[in-house]
Amino acid sequence: MNQGTPKISFKLPRISNWLILLGIACLLVSIGLGWIVKSVLILVAFLLLTPVVAFFALQWWLKRNLIEDNCPVCQYEFTALNQTQFQCANCGEPLKIEEGHFSRLTPPGTIDVTAVEVSSVQQLED
């Protein structure tokens with residue numbers, strides 16, 4: 001059997017890494033380079049806060065600009081962005097959003113009417 005010399009490994013605990021960084025920061029502050037430490041801290045804070053602010057800003061924007069309604073032609077329910085023109089996913093009808101609801105997109109000069117059903121049971125009396 002080959003018995004070699006035992007290997008000795010020296011590992012610093014994880015807390016020592018933070019202590020070393022803290023020592024370097026204190027050294028920089030003491031020799032007048034504290035602006036470097038402050039700028040690094042500002043950069044780290046910016047990198048941590050930017051995704052949080054972006055997430056809440058996106059949620060706010062989506063609540064204001066996503067409209068969920070039924071197609072006026074086929075009654076298919078879907079979602080679209082406010083102030084856009086689009087086609088119904090079910091029937092292909094060109095639509096737009098007016099006052100928070102879907103409406104048919106008609107060419108200029110076209111009169112769009114809605115049919116009303118009238119029952120024929122009513123009789124005229126003289």
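The values are calculated or read from the model by the stated rules, or taken from the named source; none is laboratory data. All of these numbers come straight from a predicted model, not from anything done at the bench. Cβ placement follows ideal geometry from the backbone for every residue including glycine, while neighbour counts extend to all protein chains displayed. Ligands, DNA and RNA are excluded from the accessible area calculation, which covers all protein heavy atoms including side chains. Shrake-Rupley method; radii C 1.70, N 1.55, O 1.52, S 1.80 Å.
In region 104-116, is there at least one residue being open to solvent by 80 Å² or more (accessible area, probe 1.4 Å) and in contact (Cβ under 8 Å) with a residue 24 or more places away in the chain?
yes
One line per residue, one yes/no per condition, for (1) open to solvent by 80 Å² or more (accessible area, probe 1.4 Å); (2) assigned to a loop (DSSP other than H, G, I, E, B); (3) touching a residue at least 40 places away in the same chain (Cβ under 8 Å):
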site	(1), (2), (3)
PHE46	yes, no, no
LEU49	yes, no, no
PHE55	yes, no, no
TRP60	yes, no, no
LYS63	yes, no, no
ALA80	no, no, no
GLN83	yes, yes, no
ASN90	yes, yes, no
